[in-house]
Structure formats: C-alpha cells, structure tokens
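Below: one structure, written as structure tokens.
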Amino acid sequence: MTTITTNSSRSTGTRATRVLGVVAIVLMTWVVVSGLFVTPADAVQLDSVRIMYVHVPSAWIAYLAFITTGIASGISVVRRHRSLGFDRVAGASAEVGVLFMAITLVTGSLWGRLTWGTFWQWDPRLTTTAFLFVTYVGYLAIRRLDATPQQRARRSSILALLAVLEIPLVHFSVVLWRSLHQEASVLNTDGDVRLDGLMLFTLFSGVLAFSAAFAWFVIHRQRVAALDDLRLTSGLDAALVERRAEAVTQ
Amino acid sequence: MRRTAAAVFRKDVLVELRSRALLTRVVPFAVLVLVLFAIALDSEPLVLRAGAGLVWMTTLFSALVVVQRSFEVERRDGALDVLKTLGVDGAALFVGKAAALIVQLLALVVVLLAGAVVLYGVNVEPSALVLLVTTAVLGSCGLGLVGTLYGGLVSGTSSRDTLLPLLLMPVTAPVLIGATRATESAFGGDVTDATTAWAWVGLLAVFCVLFAVAGAMSFGPLLDSDS
Amino acid sequence: MKDVGFIALSYGLTVGSMLVFAILTVRRARTLSRSIPDRDKPWL
C-alpha cells in the first residue's frame, strides 16, 4: 500500500528543523575540536578529563529526556484531546534518551577505567543511570507491542509515570546503600576537576550541542511516529473501503 | 469497594489453595534455589554472610512465577473481561489481587528464612525477631504491590513472560536493597546495625505506601486500555 | 598511551552513534513521507 503521491515532501524536515540541525552539527564540531585539541589537560586527570566533555552533557540530556517523557506522558493521560500527539513525544524522547543513556554509561565507564582503573563504580549516579537505562528499554519494549495507538498511549503513559515515581526511590536507595560504604569510595565521580574558563566554556557548549541534537532527534522521531500511525489508520481505512466495495458487489 | 476487594482476595486465595501450586511447585523451586546458591558459592562463611541477600533474591525470582500465575488464571477464562463488564472498580481489583499475592509471598519468605536458618547456619536472636518479621511483611508487601501492578500492565500481551522480569527488575531494587540490609542486621551480621536497619524498614514502608496508592489509581485506567 | 585510545573511542562512539541514529531516522522519515500526502502531515 505504498502509493507515491505527487504532492509529498521528501522527508519530515521543515526549515526550522534544518536550522536546528545545522546549529547542532556546528556546536558538536566545536565541542569535539575544543575538547580534543584546544583545551588543556587537567593537572590531576591529565587527558582523561577530555572524556568529560561528552560524558557530562550526555548524562544531563539523558535526564532531560527522562523528564520530557514523564511530562509528556502526564499530559497525555490528563488531556483527552491531543493525547496521542503527546504520547508520541514521550516515545520519541524515550528513544533518544536511551541513546544518550547508553553514551553516558559507555563514556563514563571508559573514563572510570582511565581514572580509577575499573570500568564500573557502584556510585549512586552511575547505578541510577543504569537502572534508568533498563527502565527505558522496558518502556520501549512495551511500546512495541501490537496495539492500537490509543492502547499503546495509555499503557506506556502509565508506565512512564510509574517510572517517575520509581527512579527517585531507586536513587535514594542506592545513595543510602553506598553511604554505608563511605570508607571505600574516596573519589567522587566528578574527579575533583578544577575547571578553568575554556574548559567550562567547552562543557557549556557541549550541553548546548547535545540539547540541540536532542531537540532535532525528538522532533523528527515524533514526526516519523506520526507518519507511522497515519499509515496504520489509512491502511485500515483503505481496507474498510475495499471490504465495503466487496460487500456491495456481492 | 472493600467488599469487592475482599471478594477478589478470597477468590485468588481459594484458587491458589485448590491448586496448591505455591506449595507443590513454587516453594520447592525456591528452596532448591537456596541449595543451588550454597553449592555454587561453595564456602560456608560466604554463604552465611550472603544469606540475607540470597533469601530475597530467591523471593524475587519466585515472585515472578507467582505473579504470572495470578494473571494467567484471569486470562484463561476471560475472567478479567467479565470483571470489567460487571463494572468492578479497578482499585478494588488491585487491592484484592495484591493482598492475595502478598499473603503468598509472605508464606514463601517465611519458608525461605527458615531455610536460611537450617541450610546456611543463620542464627536469629530473639531480640531481632520483631525486625525480621517487620522486614518480611513489608518486603512481601512491596514485591506484591509492584508485582500486581506490573503484572496487570503486561497481562494479555504477547511477550508478557519476558517483559515482566525486565520491567520489575529496576522497580524492585529498593525493596531488594532495603529488605536485604534489614534482614542482614536481624541475622546478627555486623555489617548493618539496628538503627540503620530500621531506617531501611522505613524506606520499605514508604515504598509500599507509594505503590499502593499508585497501583490503586492506575489499575482502573490500565484495564480500560485493554479493550 | 592507552589514554589516547580510550578518549578517541569515547568521542568516536558518541559522535558515531548519534550519526547512525540520525541517518536511520532520516531514512525512515523519507520512506514513510513518500506514501503520505502533504495535506495529512500536521507540521506542514
């Protein structure tokens, strides 16, 4: 059922998103160049601090994605009108969030290997991020089940809101748990970095770059989801039309 | 609403008593897991030290089985649809099912704690009994509440068997951490002292309250979405 | 010396995964976009 209509734009882009995309690419390039070559190595951590320029923004955006999914799901549940649209935003944000959470975990792990010699530390932030990651994988799995957009919206919104309840509980539990092991962890995850002006600026650019990328990703994935739903319903409509035509001719 | 919840509770407990699945299948499975842990770890001091964690991990694994059963029973004869047509209040349904599940899990925890005493050489001082019982009750409540809630979320879907463990794992982490630390203290280990143990019990209580409310509120809308 | 490898890996994975994600999204957007007329698209 892929009819190619003549008045179709080629993609889900509009002028606004193209500008956004360019901004994201420019900022990212600056961050990579600055992070790798322009900024100085840290006195304590030497060059491994460079990983922070991608790890920290990635973590922030991962949490931003989580909050976005939570808010969008909340609105989707409360408002009857437009609830499907907000559910799509929630889903898109979760997909992007999982990407950034994975980046956060991997870069954090690599940084840890360089700084402490271990790939993993059971500190609250990393552990909570890991739990958040699994929660979101589960959320995306639920969304993928065969269901009408309405059912999917209802089920995943409830799941997302439960996640908003659950994640602070998990975080608090892990914080309490790790505080009992105080003697073992002398270093904190931030590694006591004294940031000078250029490093701070690069970090800030990183947050901007990742935010722009986040927005671009979410907008496009949300539109793709909308197209998917449209195709589903128009497919149903076409099938109905055919069925009625059959019924008439019989 | 209380009558409906009580009726649902009685139904679930009766179904369980008649089939005796918990007694004849889940409990042996759980005890076997305790034994296997001991064999795999192969060190009595280590097993003794890990006893609390092993009990609650085993409870968690077994809970998955019990939750699946609890909803399978509904699905098989379309019972959930009947309940929905009768206009059963979602919150009442949630409370009834959760209560039945909690009772079953509590029975399981008791057996496992006894197993730890027998198999792992755990010694429980009488003074720690209150702590132990409270932890067992609240831990079972926590697992039962989220088990019912998430079990309802995936019930009727095609991948429920693989989805439920995935979804439950992050949610049950606070229960696992809290119950284990508190139980460790009751077992007389010197890792967790009594005051901290009661702080963990407090966390468990908060968890139970939050998810009891969340579950009661979400169960109605959740069932509606399955039409 | 292993520092360089890890740092390069971090940056490479970050940028690489984002690029792959973007490309996959745009490809899917193009395929879907062809089969749906413009008037049905809510953002146009």
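A:Arg221 sits among other residues whose Cβ lies under 11 Å from its own Cβ, and their net charge, with Lys and Arg +1 and Asp and Glu -1, is +1.
Normalised by the number of residues in chain A, the average gap of Cα pairs under 8 Å and 6 or more apart makes the relative contact order 32 percent. Note on A:Ser109: accessible area is roughly 20 Å² with a 1.4 Å probe, heavy atoms of protein only.
Projected over all directions and averaged, the alpha-carbon convex hull of region B:2-224 occupies 12.1 nm². Treating r as the C-beta distance of A:Ser234 and C:Leu13 and R0 as 41 Å, the FRET efficiency rounds to 0.60.
Counting partner chain Cβ atoms within 10 Å of every residue's Cβ in A:55-63, what's the average?
Mean shielding by partner chains, rounded to a whole number: 1.
Taking Lys and Arg as +1 and Asp and Glu as -1, the other residues whose beta-carbon sits under 10 Å from that of A:Val174 total +1. Excluding the sites themselves, what is the longest stretch of chain A that contains no trypsin sites (Lys or Arg not before Pro) in a DSSP loop with at most 13 other C-beta atoms within 10 Å? That gives A:11-78 as the longest site-free run. Within chain B, the selection of entire DSSP H helices by a Cα span of 27 Å or greater along the long axis and an average Kyte-Doolittle value of at least -1.0 returns B:44-76, B:90-120, B:129-154, B:160-186, B:194-224. Computed from the C-beta positions of B:Val110 and A:Val164 and an R0 of 25 Å, the FRET efficiency is 0.15 to the nearest 0.05.
Straight-line cross-link reach from B:Lys11 at under 19 Å between alpha-carbon atoms covers these aspartates and glutamates, not counting any fewer than eight positions away in the same chain: B:Glu72, B:Glu74, B:Asp77, B:Asp81, B:Asp89.
Heavy atoms of the protein chains alone define the surface here; on that basis region B:44-133 has 45 Å² accessible area per residue at 1.4 Å probe size. Buried accessible surface for the B/A pair, both sides summed and rounded to the nearest 100, is 2500 Å² with a 1.4 Å probe.
How large, in percent, is the carbon and sulfur part of the accessible surface of chain A at a probe radius of 1.4 Å? Percent of accessible area from carbon and sulfur atoms in chain A: 66.
Extending 7 Å from the Cα toward the beta-carbon at both A:Val33 and A:Ala247 defines two label points whose distance is 6.5 nm. Based on Cα contacts under 8 Å between residues 6+ apart, region B:2-224 shows a relative contact order of 28 percent. Within region A:9-39, the residues that become at least 20 Å² less accessible when every protein chain is included than when their own chain is isolated (1.4 Å probe; DNA, RNA and ligands ignored) are A:Ser9, A:Arg10, A:Ser11, A:Thr12, A:Thr14, A:Met28, A:Val32, A:Leu36. Helices in chain B, meaning DSSP H runs of at least 4 residues, each add -39500 (n - 2.57). Divided by all residues, the mean residue ellipticity at 222 nm is -29000 deg cm²/dmol.
Charge tally around B:Phe9: other residues with Cβ under 12 Å, Lys/Arg +1 each, Asp/Glu -1 each, net +3. Here, the protein assembly as shown is characterised by an Rg to Rh ratio of 1.02, where Rg is the alpha-carbon radius of gyration and Rh the Kirkwood radius.
Based on alpha-carbon atoms, the Kirkwood radius and the radius of gyration of chain A give Rg/Rh equal to 1.08.
For region B:2-224, the share of accessible area belonging to carbon and sulfur comes to 68 percent (1.4 Å probe, ligands and nucleic acids excluded).
The values are calculated or read from the model by the stated rules, or taken from the named source; none is laboratory data. If you're wondering where the values come from, they're calculated on a predicted model, not measured in any experiment. Please note: Cβ atoms are built from the backbone with ideal geometry, for glycine as well, and neighbour counts cover all protein chains shown. With ligands, DNA and RNA removed, areas are computed over all heavy atoms of the protein, side chains included. Shrake-Rupley method; radii C 1.70, N 1.55, O 1.52, S 1.80 Å.
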